[in-house]
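Worksheet: one structure, shown below.
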Amino acid sequence: MKSYSSIKFLFLLLLFFAGCLFSLAYGGSNATTISDFSSDNFIFWQIRVPKTITAILAGATLSAAGLILQIMFRNPLAGPYVLGISSGASLMVAITILTGNTVGFFSNYFIGKSIIVLSSVTGSVLITLLILFLSKKISSNVILLLVGLMLSQICGALQGALEYFADPDSLKSFVMWGMGSLSGTTNSDLMIFIPVSFMALAVLVFFIKPLNAFLLGQNYAINAGINYSANRFFLILVSSLLTGITTAFCGPIAFVGIAVPLLSRMLFTTSNQGVHILSCILIGSIILLFSDVVCHTFSADFTLPINMITTFVGAPLVIYLLFKNKQW
Amino acid sequence: MDNRAAIHISNANFGYTKHKTSVDILKNITLKFGKGEFIGVAGLNGSGKSTLLRSVCGLLPLLKGDVSINGISLSELSASELAKQASIVLTEKISGFNLNCYDAVAAGQMPYTNIFNALEPEHKKIINSAIEACGLLLHQNKLLTELSDGLFQKTMIAKCIAQQTPVMLLDEPSAFLDYASKHELFLLLKSLAEKDNKCILVSSHDLDLVLKYCHKVLLVKNSTAELIPIEEARWHTVFKELSGGYL
C-alpha cells in the first residue's frame, strides 16, 4: 500500500514538472523563449513565469479549498465554485471596484490590490457562512448543491446590475479583472499572491487531525477530542482565504475545487487527509498547468478562457459521480 | 464528592434547545454510577435514553445542574480531556471519503495521537486488539459503505473500546447484531467493566440481555430515571410494564 502511494506521488511530481515546462513553453507569443534565460527576455520573465506560477497557485488553493469544504459539509459534491463562494468573492470585488474607483483607492498599486484581495476574501467568508447556516436545514447533498448554484446566480445577477449602472472607467477596470484568466497576473501581483497562498496552504498541516475527525461527523469528532466549533471557524477562514485570494487575481475558476478532491480520493484510497491535502495541491496545479497549455495550443492568435477547459474536465466528472451515486 | 463514583449527575435537566427555548426531556436527575459497574439503560422509544447518554459525554449541553466524570465537572474538562474520560457509540451512520473499518476504529486513538494524527506502534497495538475483540479481523480493510449494519455497529463498538476511557457509553449497540453477537457483546462489555474497572452504560431494547448480564438497570420513564439493582429489576412493576408483560 505504502509503496504504491509513493510511486503515485512520484508520478504526480513528474506530471507537475512536465506541466511547468509546457506552461513555460506555450503562451500568447509564438517565440520559443524557454531556452533563453537572460534577464532581458521580457516574454519569459514578465509573462510566462508569472502565468505558470499563477496556474500552480490557483490550482493548489482552489483544490485545497474544495477538499476542506467537502469534508466540512461532509458532501463530496461541495466546492468553492458550485457552492457560489467564488461568485460571492467576485461580487464583493465588483462592489469594491465599481464603487471604490470614485474614492480613489486604486491610485496606490499595493493598497488597491490589497483591498481587492480583502473584499474577495470577505465575499468568500460571507457566502461560506450563509451556506453553513443553510446546510443545517438541508440534509440532502444534492439540494445543498442546487442552493449553492442559486446563490451563485444571485451573485451573478447583482454583479450584472452593478455593471449596468457603473461609470465607464470603473467598468473597464472591473471587466479587465473579471476576464478570469491566468495571464492577467503580473510579477508585482505575485508579491501578494505567493505569500498569502503559501501561508494559507502551510497552515493546513495543523488541520490534518481535525479534518480526519470531521470525516466521522460532528458528534464523533467531538468525542474524539476535537474542539469542533473552533476548528470549523478556522477552516471556514482558511478555505475562504484560499478561494478569495485566487478569485482576486484570476476571477472565478470553475470546477477545479470540486473535481480535484474527487480525483484525489479515486487515486489514493486512504482516508488520511494529510495525504489528500498534498495530492490535491499537486493534482490541482497539474490540471491548471495543462489547462493553460491547452488554452494556448488551439491558436497562436487568441487564448481560450481557462474556465472552458476546467469545466470540460470537471463537469463530466461530477455528472459521472451523480450517476454512479457512490460516496467518495 | 464521592471519588468512587465514575459518573455523578446532580440535579440535572437533559434535553435540547429549539428556537432558543429549552426542551427538557429528563428533569431533576440525580444519579451516581460507580467504577466497575455495567448498567443497562432501559426505556420506551423517545423516553430519553439517547439524550441521557449524549449529555453525559458533552454532546448535548446541560440545561440545568451538573455532571462530573471521575470527580471533574464536564464544564471544567477540555474537549481532548473529556475524550480521554468518556467514549460513546451513537446510532448514527457514517460513510464515504474512503473511510474503512480500520480508520473508524483508529479514531478511538485520536485523543492520544500527536497533532498530525500519526499512529505510532503503541496506538496500532491498541487498535488491533480492539478490532480483534470485536471479531473484525477479516473486515478491517473494507470500506464503511461495504459493511453490513451489524459489522458497522461492531466497528463503532471497537472504536469505543480503542478509546480506552474509564467511562463507556453505548447507545443501542445491540441493534442490528445477530443473536450470538448480542450475547458476545454484552459478555465483552461485562468483562471490561469487571476486569478493567470501567463504568459502562448501555442502552438497549433487549431486556433479556440487560437482565442477564448487567449489574443494574437504569429505568428511564416519564422524564425521570430510576436506578434499580438487577435482582429487583425483573420483579419491578414498572419494568414489567416496560416489557409489555412479554418478558
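Some points to look at:
- C-alpha long axis of helix B:149-162 to longest principal axis of chain B, angle in °: 90
- Filter on B:84/B:159; A:209/B:124; A:209/B:32; A:136/B:18; A:324/B:154 - keep pairs with C-alpha separation over 24 Å: A:209/B:32; A:324/B:154
- For residue B:89, the residues whose modelled amide H falls within less than 5 Å of its own, excluding neighbours fewer than 5 places apart on the same chain, are B:169, B:170, B:171.
- Each stretch of four or more DSSP H residues adds -39500 (n - 2.57); spread over every residue of chain A, this sum gives -25000 deg cm²/dmol at 222 nm.
- Over segment A:63-324, relative contact order from alpha-carbon pairs under 8 Å, at least 6 apart, %: 32
- Whichever aspartates and glutamates have a C-alpha closer than 12 Å to that of residue A:113, once near sequence neighbours (fewer than 8 apart) are set aside: A:189
- Extending 7 Å from Cα along the Cβ direction at residue B:227 and again at residue B:19 yields two label points whose distance is 3.8 nm.
- Karplus-based coupling profile of segment B:25-33, in residue order and whole Hz: 9, 10, 10, 6, 8, 10, 8, 10, 10, with θ = phi - 60° in 6.51 cos²θ - 1.76 cosθ + 1.60 and x standing for Gly or Pro.
- Helical segments meeting 18 Å axial Cα length and Kyte-Doolittle 1.0 threshold in chain A (DSSP H): A:2-25, A:49-72, A:85-103, A:109-135, A:141-165, A:187-203, A:228-250, A:273-297, A:306-324
- The residues A:113, B:64, when put in order of fewest to most other Cβ atoms within 10 Å, stand as B:64, A:113.
- Remark: A:165, A:268, A:22 ranked as A:165, A:22, A:268, counting other beta-carbon atoms within 10 Å and listing the fewest first.
- Label-point gap, in nm, between residue B:76 and residue A:227 - each point 7 angstrom along Cα→Cβ: 1.9
- Under 5 Å, built H, 5+ apart or other chain: amide partners of residue B:34: B:6
- The calculated FRET efficiency for residue A:45 paired with residue A:322, based on their beta-carbon distance and R0 = 45 Å, is about 0.55.
- Exposure proxy for B:236, B:8, A:276: other Cβ atoms within 10 Å of each Cβ, ordered fewest to most, give B:236, B:8, A:276.
- For residue A:9 and residue B:191, a Förster radius of 45 Å and the Cβ-Cβ distance give a FRET efficiency of 0.50, rounded to the nearest 0.05.
- Peptide B:109-118 - average C-beta neighbours from other chains (10 Å radius): 5
- FRET efficiency, 1/(1 + (r/R0)^6) with R0 35 Å, evaluated for residue B:66 and residue B:137 via beta carbons: 0.25
- Peptides ranked, highest mean first, by Cβ atoms within 10 Å: ranges B:104-117, A:195-208: B:104-117, A:195-208
- Under 5 Å from the amide H of residue B:16 lie the amide H atoms of B:23, B:25, each residue being 5 or more positions distant or on a separate chain, with H modelled from the backbone and absent for Pro and chain starts.
- Bridging of residue B:64 to aspartates and glutamates at a Cα separation below 15 Å is possible for B:24, once same-chain residues fewer than 8 apart are set aside.
- Relative to the dominant Cα principal axis of chain B, helix B:179-195 is inclined by about 80°.
Taken together, the values in this text are just the output of simple stated rules run on the coordinates, not laboratory data. Note that the coordinates shown come from a computational prediction; the quantities given were computed from them, not determined experimentally. Reconstructed Cβ throughout: ideal geometry from the backbone, glycine too, with neighbour counts over all protein chains shown.
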